Amino acid sequence: MAKLKEALFWKKLKTKGKDKVVQCVLCPHFCTLKNNETGKCRVRKNIKGKLYSLSYEQPVSIAIDPIEKKPLYHFMPRTCTFSIGMAGCNLKCLNCQNWQLSQCSAEELKVNPVKAKEIVIMALKSECPSISYTYSEPFVSWEYVFDIAKLAKKDNLKNIMVTNGFINPEPLKKILPYIDAFNIDLKSIKDKFYKEVCGARIQPILEAIKIVHKSRKHLELTNLIIPGLNDSDSDIKELVKWIKENLGENVPLHFSAFYPCYKLTNIGATPPEKVIHAAEIARKMGMKNVHTGNI
């Protein structure tokens, strides 16, 4: 069993009585937790007045993938990437394709602990030139990802974050020197969509995207098109307009097809022509690197 790891990015709050309340400041939820409570991510827990990461050294999925699966089309193309994922996510997307991982706690998914240096050794043995933190939300396992990424850098491995981008500026900026590439889900340009479908807010995600872009790290964006929820021409045009104005026309943009999953099984799969149409809109608006996926 892995030793519990005290988390970073939290503070003690003044409390009454015996409860030692803490506040997690890793992500924009700013969860306030009494003793033995976990945050919305399910993997950061108040234990006797200290916040601990329950997913530290607890990868629940390890695989070797084509880098294009992340998807990254403009970073180390035609290579494989050593991919790991941990339990937990700070979003509650109704359409999550990996909900068995993202909507579970690390305590539910019992695994054998794997130290950060062991992940790097495994990646080197696999002859993959990069490590991807993926499958669920890597930022909620910040401490583990940070420790792996620092070691990976020393062995000339690239580090890739596949993330929802719902992270506060301080932890994002602290890990940036060790991350080489990002794929960030920009699920919609509408705050209403994020609130109703994902249980989050869009503004912190837009700010995180701008921070990554300003850092000159490689950045690609993915938009999953869900029929009736974010697929109108006006939705696509507004999304592309924001990208062009804030990031420029060269940022790779992936439009991806939705398939019924988790709590959105009442909605049919995205017709391929819808995805192709979205890509055509983006190209007509001047985007240079537009891709379609899942079709």
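The values are calculated or read from the model by the stated rules, or taken from the named source; none is laboratory data. Source: prediction; values computed, not measured. As a convention, Cβ positions derive from the backbone with ideal geometry for all residues, glycine included, and neighbour counts pool all protein chains shown.
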Restricting the stretch 86-114 to residues that are hydrophobic (A, V, I, L, M, F, W, C) and assigned to a helix (DSSP H, G or I), the one surrounded by the fewest Cβ atoms within 10 Å (Cβ to Cβ) turns out to be W99
Quick check on the stretch 73-80. Is at least one of its residues in the same structural domain as S141 (by TED's automatic domain parsing), at positive phi, modelled with pLDDT of 95 or more and surrounded by 15 or more Cβ atoms within 10 Å (Cβ to Cβ)?
yes
For the stretch 115-145 the number of residues that are surrounded by fewer than 16 Cβ atoms within 10 Å (Cβ to Cβ) and either in contact with a His (Cβ under 7 Å, 6 or more places away or on another chain) or at negative phi (or both) is 6
Free of Cβ contacts under 8 Å to residues at least 40 places away in the same chain and of a type in the set (D, E): does that describe E280?
-> yes
Flagged in the stretch 86-105 as touching a strand residue (DSSP E or B) at 6+ places or on another chain (Cβ under 7 Å) and farther than 22 Å from A257 by Cβ, in numbering order, are M86, A87, S105
When you look at K69, is it surrounded by fewer than 24 Cβ atoms within 10 Å (Cβ to Cβ), farther than 20 Å from V120 by Cβ and in the same structural domain as L101 (by TED's automatic domain parsing), yes or no?
yes
Outside the structural domain of P28 (by TED's automatic domain parsing) and within 24 Å of D185 (Cα to Cα): does that describe I119? no
